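FYI, it's all coordinate maths here, none of it is from the lab. All values derive from a computational prediction rather than experimental measurement. Heads up, the Cβs are rebuilt from the backbone with ideal geometry, glycines too, and the neighbour counts pull from every protein chain shown.
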Amino acid sequence: MNLRSPWLSLILLGTLALALAFGGARLARRVENVRVERDGAPLRGFEEALQTELSRLEQLYEKHARLVANTPPDSDAAKTKKNAEWLVGLRQLSLIGARTPADAKNDVHIPIDARIGEELPLPAFVRGNDPGLPKKRIILPADELLESEPDRGWIAQPGQSTIFWQRLDSGRVAVLLINVEAVRASMNKRIAAWTGEEFEPVRVAGGPDALLAPDDTQLASVGNTTAQPNMLLPLRTRFGTWRLASWDRFETRESFHQPTLLAGIGAAVLVAMLGVFVFAQQRAANRLAAQRVSFVNSVSHELRTPLTNMLLNLDLVAEQVPEPAEARLGLVREEAGRLGRLIENVLTFSRGEQGKLTIRAAACRPVLVIDSVTAQFAASFERKKIALLRKGDAAEPCVLDPDALAQIIANLLSNVEKYAPGSEVTLTSIWENGVLIMRVADTGPGIPAHAAERIFYPFERVDSLINEGSTGTGLGLAIARELAQEMGGTLALMPSERGATFELRVPAPPVPEPKTAAA
Ligand code: ADP
């Protein structure tokens, strides 16, 4: 795609507009963690139901404990033990009534869940120091347990078994040593099973929530419950406190900062509009340029035919006119030749612009092409005191486009004629390994280094005194280089001590040998 192509500008500016729009949207994007208001009702409902369930279990346990306490111990201790074993956590069943160490011998203590060799503490009312009494004792308040109301109760001993006591009709008191850990474990099991269904509303309400056992283990949970809870609802029982933990729920919400977003989109729209504007302008400019080239092209075409006729007739007339007129006619012929070259350059340039420049390679002798071009300049060079020196001959027949070669040489010599009058010009032509090398070196004012490349651009002319008084289009060297490149070669300004030296290198393969018919 041509660099001046309007499409290129449109694509570039369109991409920039898109980048601005996306960049703006990215800058404007805000991601926030927003606390979501929760419906607390399911949690409260669950809390109530669980508290009821825990109280129910507590009462059930006490009921069972009373039953065990009221069952008189069998004469067979093993049987009594068996009867009592179904009460979870029961470690020892005692029937006590003694107030003196001597009576204490009549108290009954039946271990239910003692490890081998473990000595469970024996509950007693006595305080005395009878050496016959066991050392590990739990002293209970006799007045409270034997006389006052109510006739049963719980005694929690920190770090030790909890006690349930029941005054019996016999006047004695049944004392149950209970392992609270075991009761809790059993309650946990029951609650875990119960929670499986009851926790469902909480789950639907979208947690995170969790049910914590007294030892902090999670019996049920919903959502991510790793951090510290935001709320803890205690559910108290005599066997410990269960807790319902609840966390605030957060949601990531995406929003856009309006002013930034609008600024981004606004800038994108502006750039897009600029793109469309530039596209339209460039298209119009290109169309205009194409129209101009086409106009100049048509005019040049129109000029070429009459000019050719004029030159033809001049050649015919030259043979018939007397000596003085012949010189003037020569001048006319020269000027007509110049005009012809100008037209040829314009037509070549316009063909190049339209991408229609074609090279027609043919068998030719470069030296003859050079002869013919230098002949055109002979008279004007003489008048302008330009001495032409020829070196090398390149007489070998080879394959290249003779017209293109002629046009390149003519353009180079035309420049010498215009810019280096009174100088010496050396035209060297060498044919080397299938490459034609031609140098045109003059001893004129030369070309400043800064303009060495620029002079090959179309319409570029060195802005200096040298150009003063000499007309030109700035097309000659551009066309010469384009033709050289089309021929697969190069044309460059070479460094030189004096004047300007141009070097042309074009592939010029030898003419293939005609095939001899097989004998
Ligand atoms: P034009 O001759 O029509 O201006 P060209 O493309 O042939 O265009 O040349 C471009 C410029 O290069 C000229 O305007 C001139 O300034 C400079 N130039 C070309 N050849 C020579 C030369 N032999 N000596 C000095 N200057 C030159």
Open item on the list: Could you tell me the ratio Rg/Rh of region 229-370? Both radii from Cα atoms, Rh via Kirkwood.
Closed with: 1.74
Open item on the list: Filter Lys82/Lys189; Lys79/Lys135; Lys79/Lys105; Lys81/Lys136; Lys81/Lys189 down to the pairs with a C-alpha to C-alpha distance above 26 Å, please.
Closed with: Lys79/Lys135
TODO: Send over the semi-axes of the chain's equivalent ellipsoid, whole angstrom and largest first, taken as the square roots of 5 times the C-alpha gyration tensor eigenvalues.
DONE: 127, 26, 20
- [ ] Putting +1 on Lys and Arg Cβ atoms and -1 on Asp and Glu Cβ atoms, find which of Ser294, Gln228, Gly355 reaches farthest to the positive end of the dipole of the chain.
- [x] Gln228
TODO: Report, in cubic angstrom per residue, the convex hull volume of the C-alpha atoms of region 187-234.
DONE: 80
TODO: First measure r as the distance between the Cβ atoms of Glu335 and Val296, then evaluate 1/(1 + (r/R0)^6) with R0 = 25 Å and state the FRET efficiency to the nearest 0.05.
DONE: 0.80
TODO: Could I have the simple spin-label model distance between Leu274 and Ala19, label points 7 Å from Cα toward Cβ, reported in nm to one decimal?
DONE: 1.2
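Starting with the fewest neighbours, write out Leu493, Leu8 ranked by other beta-carbon atoms found within 10 Å of each beta-carbon.
On the way: Leu493 18, Leu8 14.
So the residues, fewest neighbours to most, are Leu8, Leu493.
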TODO: Give the order of Glu200, Glu319 when sorted by the count of other beta carbons within 10 angstrom, beginning with the fewest.
DONE: Glu319, Glu200
Task: Alpha-carbon Rg/Rh ratio, for region 1-122, with Rh computed the Kirkwood way - done: 1.75
- [ ] Give the relative contact order (percent, whole number) for the chain; include only Cα pairs under 8 Å separated by 6+ residues.
- [x] 13
Task: R0 of 60 Å, Cβ-Cβ distance Ala318-Ala263: FRET efficiency to nearest 0.05 - done: 0.15
- [ ] Divide, for region 421-507, the radius of gyration over alpha carbons by 2.2 N^0.38 Å, where N is the residue count.
- [x] 1.12
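Helix-only estimate, please: 222 nm mean residue ellipticity of the chain, summing -39500 (n - 2.57) across DSSP H runs of length 4 or more and dividing by its residues, to the nearest 500. Let's see the in-between values first.
Numbers: 11 runs with 229 residues, N = 519.
Computed mean residue ellipticity for the chain: -15500 deg cm²/dmol.
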Task: Candidate lysines - alpha carbon under 27 Å from Lys418, same-chain residues fewer than 8 apart omitted - done: Lys384, Lys385, Lys391
Task: Spin-label proximity, Gln354 to region 295-321 - amide N less than 17 Å from point 7 Å beyond Cα toward beta carbon - done: 295-305
Task: Mean Kyte hydropathy of -1.0 or more with a Cα span along the axis of at least 18 Å, helices from DSSP in the chain - done: 6-28, 41-70, 180-198, 258-318, 323-353, 366-383, 402-419
